Amino acid sequence: MSGSSPVAYAIKDSVAVIRIHNPPVNALSAAVRAGLVEAIGRAEADPDVAGIVITAEGRTFIAGADITEFGKPPVSPSLPEVIETFDATRKPIVAAIGGAALGGGLEVALGCHARVAAPHAKLGLPEVTLGLLPGAGGTQRLPRLIGAVAGLKIIAEGKPVSPAEAKALGLVDELADGDLLQRAKTKARALADSQLRRSRDAANLGPREAFEQEAAALGKAYPDNPSVAACIDSVRAAFDLPFEEGMVRERVHFRHLLEDPRSKALRHVFFAEREAARIPGLPDGISARLVNKAAVIRAGTMGGGIAMCFANAGIPVTVIETGEDALQRGLARVAQTYDISVKRGTLKPEQRDARLKLIEGKVGLQAAADADIIVEAVFEEMGLKKDVFGQLDRIAKPGAVLATNTSYLDVNEIAGATSRPQDVVGMHFFSPANVMRLLEVVRGDKTAPDTLATAVQIAPKLGKVPVAVGVCYGFVGNRMLAARGKQVERLLLEGALPQDIDAAITGFGFRMGPCAMGDLAGLDIGWRIRKATGARAPVADALCEAGRLGQKTGKGCYLYAEGDRTPHPDPEVTSLIERIAAEHGITRRAIGADEIVERLIYPMVNEGARILEEGIAARPGDIDVVWLNGYGWPAWRGGPMFYADQVGLGRIAMRLEEVAAKTGEDSLRPSRLLRRLAAERRGFTSPVIEKSSVGERPLGFRDALKPQETRS
Ligand code: 3HC
Ligand code: NAI
């Protein structure tokens, strides 16, 4: 075997050990597939070899097919062809699974005659999360081996199982506490003299009725999901068709799904999330500061949730309030939230107790003195924030990271209240902070690289997906949300009702429409901001003036029955909207769902383009990650910027021009970047040769996307 092959071959004690080394996760690239076929052939031909072990270097066994190869011309041997060679061999093959065996990785293991797993391994077929189905025999082998019901669940839900669960299911033959390779070799030798059992020949499907019941339940749980439907259809083929024909059925579905825009979107999300964690402009090898202790300022809605994130990560955290009453109220809310998880069965009582023990309540900022990271979550008011940071400057230990959870305010101005702006960064959590996955990490002009690295690197420990953003009003997410909110107002005046708008947006794939969302968060939040900035939103202002603040007052855009969160359309709201439209001289008309979607989404895309031009976000994928994890953008639509590329930027620019002309709203005119890309018939995801309009910024779209020369 050539020295550069990612598959090594060695014989020890009459066992051929085939070792895959393809960092970072041993994905099944073309070279790995070819190496496997060659190695199996060599072992088969060697009379000194009694058995074969397949193992892998590093943290994972095999993470699956190489996702970067999807969409490119296929290179043989294909993975099903590789695994066919396992079936044809006369020598036993044992998989030594020392880490994640996912997707094609588990299919390789299923092609072996036995599987031995280390205790920290995990086994799964996550293809559905990429909008696919297992495409190398998983849908045919797994159900035959462990039963159609258990197999279908693993395939259609995409959740990995632990080695212990896998052992109980019959997916794994042995658990190896000690030397995994040794155990696998022993197993291979033991099988050498016995009749070889191939997973394709196993006959454990179980009763058909039970499978159909499970299939119906999954179909209901995942309606309109083409990959779940394909999983069900393929597993059903295991009952109806011989193995080879079942393989063909699976392959047809796989090829079909590979071309489905929904799968393309989900694959984009996979890579965008990983890319977001790499911050352009951060010097290589910069290390984060050590965080052993945290403090959170104030125990309000956000403060309590943020404290829980630290406790969940095992980091002791002090929650600081101004008075004993507010402190006790905040801590009680935290305990209550944990209790609900215990009641739901998602948290064990002892886990709750351990986490609560890590949260200490204190009155007075002095209690932040020993914290390595301090997250401020006081009321959204600049004067208050500057006062708190001024005090923290005197109290915090040298080198502590001083983070603000502000949703909109200028992080540079907040940093200016301290003598150590290099230690100040924004950490914008989303509500509820213990649940939502997004963390916007706001980089100020003077934020030091290791401060930024600390915020970014602690995010995954807190269960968050970090996205680095620059300073502007509302950063990435809320700035685009505001662009959408402005159009909600316009549509209400032009003829739509809250229920029309929400139905269009939920039809697009969001779980909740903007009007129901406004009622949930409280319409007074925006009202307060508008009053402070002198902005007007005639409908929302009138709702608030009428005491309709949302769910908390029993009415907002909708009406709510006592103790019930179901929004009911309210004729009073219709009259109020009609009255205001008349006052503005607007003749209302019927507006269809498609127009609503265009009118709400395209301005967001336009704002996203401005955010890129200004260098507030480094890459279009970062904006997508923000909307996917913070605002419930449907994953299968890939995020607003990916979606825009699918629609075509030419169409978006044209529609924006039309609406801008009709409404006289200048902010709707396509941004420079959008116009330029549309004219060149390109999308956001292709490299952009664009000079930033605002000079040097810490993060730059053009910095991130090379080449960056300016074109004349
Ligand atoms: N193909 C190509 N690249 C992959 C990959 C894959 N299957 N899985 C991970 N990577 C890359 C990531 O993009 C990342 O690259 P980067 O460092 O350049 O950003 C790097 O490997 C490390 O990945 P993570 O940051 O995710 O590392 P973790 O240690 O956090 O997680 C993991 C490891 C659990 C293996 C996780 O990477 C994972 O879940 N991978 C995807 C698994 C999957 O979906 N497999 C199914 C693929 S489809 C398939 O197999 C089809 C078959 O049925 C024919
Ligand atoms: P909150 O009002 O629940 O609590 C913040 C703290 O401010 C509490 O201690 C409260 O007692 C105190 N407070 C309330 N009114 C005050 C006033 N008029 N003057 C001084 N103190 C007052 O606030 P929340 O929602 O936790 O917000 C805190 C920070 O988090 C703000 O910067 C906000 O913008 C940000 N944020 C809020 C999100 C949300 O959805 N609520 C989401 C993301 C960030």
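Between their Cα atoms, which of Lys12/Lys153; Lys122/Lys187; Lys12/Lys72; Lys122/Lys343 are more than 32 Å away from each other? The partial results should precede the final answer.
Values: Lys12/Lys153 39 Å; Lys122/Lys187 20 Å; Lys12/Lys72 38 Å; Lys122/Lys343 27 Å.
With Cα atoms farther than 32 Å apart: Lys12/Lys153; Lys12/Lys72.
Name the residues of region 96-124 whose amide N is less than 11 Å from a point 7 angstrom out from the Cα of Ser14 along the C-beta direction?
Residues passing the 11 Å test: none.
Quick check on region 478-593: take the gyration tensor over C-alpha atoms, sort the square-rooted eigenvalues as a ≥ b ≥ c, and tell me if it's rounded (a/c under 1.5), prolate or oblate. Intermediate values should be presented prior to the final figure.
Values: a/c = 1.19, a/b = 1.06, b/c = 1.12.
It is rounded, given that a/c, with a ≥ b ≥ c, falls under 1.5.
Which of the cysteines found in the chain have nothing to pair with, since no other Cys Cβ lies under 4.7 Å from theirs?
Unpaired cysteines in the chain: Cys112, Cys231, Cys309, Cys472, Cys544.
With a 10 Å Cβ neighbour count serving as the proxy for reagent exposure, in which order, fewest first, do Cys112, Cys557 appear?
On the way: Cys112 24, Cys557 29.
Fewest-to-most ranking of Cys112, Cys557: Cys112, Cys557.
Could you please tell me the mean projected area of the C-alpha convex hull for region 286-343, averaged over all directions and given in square nanometres to one decimal?
On the way: hull surface 18.8 nm².
Projected over every direction and averaged, the Cα hull of region 286-343 covers 4.7 nm².
Return the inverse of the average 1/r over all pairs of distinct C-alpha atoms in region 7-259, which is the Kirkwood hydrodynamic radius, in Å to one decimal.
Details: mean 1/r = 0.0558 Å⁻¹.
The Cα-based Kirkwood calculation yields 17.9 Å.
Counting pairs of alpha carbon atoms under 8 Å apart in space and at least six apart in sequence, what relative contact order in percent does the chain give? Let's see the in-between values first.
Values: 1361 pairs, mean separation 60.9, N = 712.
Across the chain, relative contact order equals 9 percent.
Plugging the Kirkwood radius over Cα pairs into Stokes-Einstein for the chain, at a temperature of 37 °C and a viscosity of 0.692 mPa s, what D comes out in µm²/s? Let's see the in-between values first.
Values: Rh = 28.3 Å.
Translational diffusion coefficient: 116 µm²/s.
Taking neighbour counts of Cβ atoms within 10 Å as a proxy for exposure, in what order, fewest first, do Phe310, Phe430, Phe271 appear? List each step's numbers first, then the result.
Working: Phe310 26, Phe430 22, Phe271 12.
By the 10 Å Cβ count, ascending, the order reads Phe271, Phe430, Phe310.
So in the chain, what percent of DSSP beta bridges are antiparallel if you round to the nearest 5? Before the final figure, lay out the partial values.
Numbers: 14 of 59 bridges.
That works out to approximately 25 percent antiparallel.
Please identify every one of the GluC sites (Glu not before Pro) in region 540-606 that sits in a loop by DSSP and has no more than 10 other beta carbons within 10 Å of its own beta carbon. Kindly include the intermediate steps, with their values, before the conclusion.
Working: sites: Glu545, Glu562, Glu572, Glu578, Glu583, Glu595, Glu598; in loops: Glu562.
Within region 540-606, the qualifying GluC sites (Glu not before Pro) (loop, at most 10 other Cβ atoms within 10 Å) are Glu562.
I'd like the chymotrypsin sites (Phe, Trp or Tyr not before Pro) in region 327-401 restricted to DSSP loop residues with at most 14 other Cβ atoms within 10 Å, sorted by number. Present the calculation step by step, with values, prior to reporting the outcome.
On the way: sites: Tyr338, Phe379, Phe389; in loops: Phe379.
Hits after loop and neighbour filter: Phe379.
Using the 2.2 N^0.38 Å rule of thumb for compact globular proteins, work out how region 294-472 stacks up: its C-alpha Rg over that value, please.
On the way: Rg = 15.2 Å, N = 179, 2.2 N^0.38 = 15.8 Å.
Region 294-472 yields a ratio of 0.96.
Within region 530-564, which residues have the backbone N less than 11 Å from the label spot 7 Å out from Arg579 along Cα→beta-carbon, could you tell me?
542-543, 546
Scale the Cα Rg of region 184-235 by the rule-of-thumb value 2.2 N^0.38 Å and send over the ratio, two decimals. Provide the component values of the computation, followed by the final result.
Values: Rg = 17.5 Å, N = 52, 2.2 N^0.38 = 9.9 Å.
Dividing the Cα Rg of region 184-235 by 2.2 N^0.38 Å gives 1.78.
What is the order of Lys385, Lys357, fewest Cβ neighbours within 10 Å to most?
Lys357, Lys385
Just want to confirm a number: the relative contact order over region 478-593, from Cα pairs under 8 angstrom separated by 6+ residues, in percent.
Details: 133 pairs, mean separation 34.9, N = 116.
About 30 percent, as a whole number.
Put +1 on the Cβ of every Lys and Arg and -1 on every Asp and Glu Cβ in the chain; which of Pro567, Gly547, Ala678 then has its Cα farthest towards the positive end of the dipole?
It is Ala678.
Suppose R0 equals 45 Å; then what is the FRET efficiency for Thr68 and Arg565 from their Cβ-Cβ distance, rounded to the nearest 0.05? Write out the running numbers ahead of the final one.
Values: r = 43 Å, r/R0 = 0.96.
My answer for the efficiency is 0.55.
I need to check one value: relative contact order of region 7-259, counting alpha carbon pairs closer than 8 Å and at least 6 residues apart, in percent. Intermediate results must be reported in sequence, preceding the final value.
Values: 524 pairs, mean separation 48.5, N = 253.
After rounding, I find 19 percent.
Just how large is the dipole of the chain about the Cα centre, in debye to the nearest 20, putting +1 at every Lys and Arg Cβ and -1 at every Asp and Glu Cβ? Spell out each step's value before the answer.
Details: 89 positive and 87 negative charges, 110 e Å.
Approximately 520 debye in magnitude.
Give the angle, between 0 and 90 degrees and rounded to the nearest 10, that separates the Cα long axis of helix 349-358 from the longest principal axis of the Cα atoms of the chain.
Roughly 50 degrees, rounded to the nearest 10.
For the peptides 168-176, 638-646, 327-335, what is the packing order when you average, over each peptide's residues, the other Cβ atoms within 10 Å and list the highest mean first? Intermediate results must be reported in sequence, preceding the final value.
On the way: 168-176: 18.6, 638-646: 23.2, 327-335: 16.8.
By packing density, highest mean first, the sequence is 638-646, 168-176, 327-335.
Quick check: the angle from helix 524-533's long axis to the longest principal axis of the chain, C-alpha only, nearest 10 degrees?
60 degrees
We did not get these values from a lab; they are worked out from the coordinates using the rules stated. Just so you know, these numbers come straight off a predicted model, no measurement behind them. Cβ coordinates were reconstructed from backbone atoms using ideal geometry, including for glycine residues, and neighbour counts include every protein chain displayed.
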